[in-house]
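Read the structure below first, then the notes.
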2 protein chains.
Amino acid sequence: MTAPPRALQDRYPEGFARCFGCGRLNREGHLLKTVWESGEGVSRFTPRPEHLSVEGFVYGGLLASLVDCHSMATAAGHSMAGAGLEAGVDETPRFVTGRLEVDYLAPTPIGCELELRGRVVEASTRKAIVESTVTARGVVTARGRVVAVRIPESMQRA
Amino acid sequence: MTAPPRALQDRYPEGFARCFGCGRLNREGHLLKTVWESGEGVSRFTPRPEHLSVEGFVYGGLLASLVDCHSMATAAGHSMAGAGLEAGVDETPRFVTGRLEVDYLAPTPIGCELELRGRVVEASTRKAIVESTVTARGVVTARGRVVAVRIPESMQRA
């Protein structure tokens, strides 16, 4: 039996691992994990009971957060694949969000695991465009389109 | 001396006041408050130290959340003004997010109060488009454009 794949976020350099959405060193955050599977980023996340919009449904701002971090990891996974690096094993390059778009297609039920799947649809050396879906109980409830940019020097204090 | 204006979120009906971003009854959430000033929604929020992206800067997913709730309140404030109702006094109608767009123009520093200002740029009876800015220390660091929709019956369990 092989070990489950390690998440891309587990291999961010320590200085970039405090993100509220996905930093393994931010214990108060969401701790989102994304694995690389057949050219896609895949994340699974179960919202907490307090992550409500209205009774029964997940807060759209949380979904936007998940799409955001999921897309950064997917951009990183894609760039690693292109460079012959192994996602979850080699160090993960850090991207930041240039633009985030989320379409809310249907209310997302709370109380179940969500699956995010994302793919890079356009890429240059400096940036990537990632398209993603959020699925709950087999229904795609949101779609994201995110511009991911290699972290600029102005943000590299860490 | 007059009392400070009450927030739009303080007058959401009780069943719609549990939103993680802005519900007054969700004590684990962000408790964002938006007031109505001269045709604009205005929100002020100080991120917590853990709301990081990378060291020194605010998590973009949090900014998306703030833009989201701020825009719903702004859409409500605009519709109330059109109906001759008083924001923060009369009951606030509940809108939900159809589409969220955020452009991250510059890294947002952590450790200071953020100001969001939003305005409805297009409206029908059923929906509104809200454009907003996020300002930190006098610099606009993000812009939002959000489609707000009157809450559909399918979400009205409350």
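The values are calculated or read from the model by the stated rules, or taken from the named source; none is laboratory data. Everything quoted here is computed from the prediction, not taken from an experiment. Here the Cβ positions follow ideal geometry from the backbone for every residue, glycine too, while neighbour counts run over all protein chains shown.
Observations
- Residues located in the stretch B:19-48, provided they are at the interface with chain A (Cβ under 9 Å from one of its Cβ atoms) and part of a strand (DSSP E or B): none
- Checking each residue in the stretch B:49-79 for being facing chain A (nearest Cβ under 8 Å) and either in a loop (DSSP other than H, G, I, E, B) or more than 20 Å from A:Cys22 (Cβ to Cβ) (or both) picks out B:Glu50, B:His51, B:Ser53, B:Val54, B:Glu55, B:Gly56, B:Tyr59, B:Cys69.
- Those residues of the stretch A:5-18 which are within 13 Å of chain B (Cβ to nearest Cβ) and assigned to a loop (DSSP other than H, G, I, E, B), in sequence order: A:Tyr12, A:Pro13, A:Ala17, A:Arg18
- Subset of the stretch A:88-121 [more than 14 Å from chain B (Cβ to nearest Cβ), over 17 Å from the mean Cα position of the chain (by Cα) and either in a strand (DSSP E or B) or among the charged types (D, E, K, R) (or both)]: A:Asp90
- In the stretch B:45-63, the residues that are touching a residue at least 60 places away in the same chain (Cβ under 8 Å) and within 17 Å of A:His51 (Cα to Cα): B:Leu63
- Scan of the stretch A:84-116 for residues that are without any contact (Cβ under 8 Å) to a residue 40 or more places away in the chain and on the phi < 0 side of the Ramachandran plot, ordered by number: A:Leu85, A:Glu86, A:Leu105, A:Ala106
- Looking only at the stretch B:83-103, and only at residues there that are farther than 30 Å from A:Thr141 by Cβ and not charged (D, E, K, R), the one that is surrounded by the fewest Cβ atoms within 10 Å (Cβ to Cβ): B:Gly84
- Per-region count, the stretch A:39-87, residues under 16 Å from the mean Cα position of the chain (by Cα) and not hydrophobic (A, V, I, L, M, F, W, C): 17
- Scanning the stretch A:144-152 for residues that are closer than 22 Å to A:Val54 by Cα, touching a helix residue (DSSP H, G or I) at 6+ places or on another chain (Cβ under 8 Å) and surrounded by 18 or more Cβ atoms within 10 Å (Cβ to Cβ) turns up at least one hit.
- Hits in the stretch A:127-143 - residues which are farther than 14 Å from A:Ala76 by Cα and surrounded by fewer than 22 Cβ atoms within 10 Å (Cβ to Cβ): A:Thr133, A:Thr135, A:Arg137, A:Gly138, A:Val139, A:Val140, A:Thr141, A:Arg143
- Residue among B:Met72, B:Met80 that alone is under 24 Å from B:Lys127 (Cβ atoms), surrounded by fewer than 23 Cβ atoms within 10 Å (Cβ to Cβ) and aliphatic (A, V, I, L, M): B:Met80
- Scanning the stretch B:125-158 for residues that are part of a loop (DSSP other than H, G, I, E, B), out of contact with any Lys or Arg (no Cβ under 6 Å at 6 or more places or on another chain) and either under 24 Å from A:Val58 (Cα atoms) or at pLDDT below 95 (or both) gives B:Thr125, B:Pro152, B:Gln156, B:Arg157, B:Ala158.
- Being touching a strand residue (DSSP E or B) at 6+ places or on another chain (Cβ under 7 Å), among the hydrophobic types (A, V, I, L, M, F, W, C) and under 22 Å from B:Leu62 (Cα atoms) is a property that A:Leu62 lacks.
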